[in-house]
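Student: Below is the structure I would like to discuss, written out as structure tokens.
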Amino acid sequence: MELNEIVNAFIGTNNYKLTPITDGLINTTYLLEDKDRNKRFILQKINSHVFKQPEVIVNNHLMINEILRTNDYHFQIIEPIPSLTHSFLIEDGNGMPWRMLSFVENSMTFLSAPSLEVAFEAAKTFSYFLNTVNTEQLPAIEDSLPDFLNFEKRVTAYKNSLKNAAPHLKENARAEIEITNRLLSLPDQWIHMEKNNQIPKRIIHADVKISNILFDQNHKPLAVIDLDTMMMAPVLYDFGTMIQSYTNTTKEDDGKAVNNFNPEMYKVVKEGFLFYLKEKLTPEESENLDYAAQVAIYIQEIRFLTDYLNGSTYYSTKYPEHNLDRTKNQLELLKGLTEYLGANEFESRRA
């Protein structure tokens, strides 16, 4: 099935315009303008190599939307749009699934927080979203990315990559491997708390970067988008990845970054995250927010380093040392965070 047939399956006309949206790293996305109805949508090919059960994404999305509507959610809701045959997924000739979503007019996104004020509003918006979806009766949402947050497996995968890596890759990353190995016990407390049910599983977004919030032209939030990674997991992960994403003053692949952690950004993001969730969090969750931020950065660093040692087969790269530069950047970010928190463990382990 050609692209034109996919479009026709959803809107039933050849009078349309497609414009690629290139910000995403996983799915292939277009802005679809239906000129007959003067209406715009998001048309997206789901990467089924990553999301092996795309129907899970759709079902989760529909369930989350129902919770939002039931609880008088005051931001706009992104709606899956069925095809003319009432299917939310249409397969192309290669067996890849396509879907259509509602489009929020007069909206914009940021790849990084342009100001402390916008960062606070973004964190506050995710706080409100998470507070709304985590009702007393949680729906049975499925995991669209099994083991995505299994930190024990992430560490094991790193150790295996280290055993099997080409000698020149290990030599190139020698300094980063040394630091990573000294910090290997950092996720242990998280793993222990999960195994012993000391931190609850909640519905989390799992991809809380600022580009997954739509803003209006006055930089006010309009909608939370990209619900593909919604899952049951510790909400600490959302806070940690928010810090990993928002507080970095450089691009994620700047391997020469120095002092790339922004402490003021940390403060406002933490304040925004707690705005609606403070009363909902357990004492164990509240006490481990700073720790979660460290773990999230470290796990992301391990993922970049693992991929580098494996020959860069997972993340898209533009040059041979791309993943190594990403690794260096995350280690510098972790260093800045731990110094800000007054945690001496990072420096003692580097010494």
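Student: Looking only at the stretch 12-43, count every residue that is within 17 Å of Ser107 (Cα to Cα) and among the aromatic types (Phe, Trp, Tyr) and tell me the total.
Tutor: Residues that pass the stated criteria total 2.
Student: While we're here: For Val7, state whether it is open to solvent by less than 30 Å² (accessible area, probe 1.4 Å) and either more than 27 Å from Asp216 (Cβ to Cβ) or among the polar types (S, T, N, Q) (or both).
Tutor: In short, yes.
Student: Within the stretch 38-51, can one find any residue that is over 19 Å from the mean Cα position of the chain (by Cα) and outside any strand (DSSP E or B)?
Tutor: yes
Student: Let me ask something else. Count, please, the residues in the stretch 107-121 that happen to be assigned to a loop (DSSP other than H, G, I, E, B) and either open to solvent by less than 30 Å² (accessible area, probe 1.4 Å) or within 22 Å of Thr249 (Cβ to Cβ) (or both). I'd like the intermediate steps shown before the answer.
Tutor: Applying the first criterion (assigned to a loop (DSSP other than H, G, I, E, B)) to the stretch 107-121 yields 107, 109-115.
Now narrow it down to the ones that are either open to solvent by less than 30 Å² (accessible area, probe 1.4 Å) or within 22 Å of Thr249 (Cβ to Cβ) (or both): 109-115.
Total meeting the criteria: 7.
Student: Please find, among Asn288, Asn260, Asn248, the residue that is farther than 16 Å from Val208 by Cβ, in contact with a Leu (Cβ under 8 Å, 6 or more places away or on another chain) and crowded, with 21+ Cβ neighbours inside 10 Å.
Tutor: Asn288
Student: So, one more: Could you check the stretch 122-139 and list, in sequence order, the residues that are open to solvent by 20 Å² or more (accessible area, probe 1.4 Å), in contact (Cβ under 8 Å) with a residue 40 or more places away in the chain and not in a helix (DSSP H, G or I)?
Tutor: Of the residues in the stretch 122-139, the ones open to solvent by 20 Å² or more (accessible area, probe 1.4 Å) are 124, 128, 131, 135-139.
Filter once more, keeping what is in contact (Cβ under 8 Å) with a residue 40 or more places away in the chain: 124, 128, 131, 135, 138-139.
Matches in the stretch 122-139: Thr135, Leu138, Pro139.
Student: Tally up the residues in the stretch 88-121 that are among the polar types (S, T, N, Q), under 29 Å from Val7 (Cβ atoms) and in contact (Cβ under 8 Å) with a residue 12 or more places away in the chain, please.
Tutor: Number of matching residues: 4.
Student: If you take the residues in the stretch 291-346 that are of a type in the set (Val, Ile, Thr) and modelled with pLDDT under 95, which one is most open to solvent (accessible area, probe 1.4 Å)?
Tutor: Here the answer is Thr313.
Student: Between residues in the stretch 201-216 that are over 13 Å from Asn131 (Cα atoms) and charged (D, E, K, R) and residues that are open to solvent by 10 Å² or more (accessible area, probe 1.4 Å) and assigned to a helix (DSSP H, G or I), which pairs lie under 6 Å by C-beta distance while being six or more apart or on different chains?
Tutor: That search, which allows pairs on different chains as well, returns Lys209/Ser245.
Student: Which condition does Tyr30 not pass, out of (1) surrounded by fewer than 15 Cβ atoms within 10 Å (Cβ to Cβ); (2) not in a helix (DSSP H, G or I), if it passes all the others?
Tutor: Status for Tyr30: all satisfied but (1).
The values are calculated or read from the model by the stated rules, or taken from the named source; none is laboratory data. Remember, predicted model here, so these are calculated numbers, not experimental data. Note that we place each Cβ from the backbone using ideal geometry, even for glycine, and neighbour counts take in every protein chain shown. All accessible areas refer to the heavy atoms of the entire protein, side chains included, with ligands and DNA or RNA removed. Shrake-Rupley method; radii C 1.70, N 1.55, O 1.52, S 1.80 Å.
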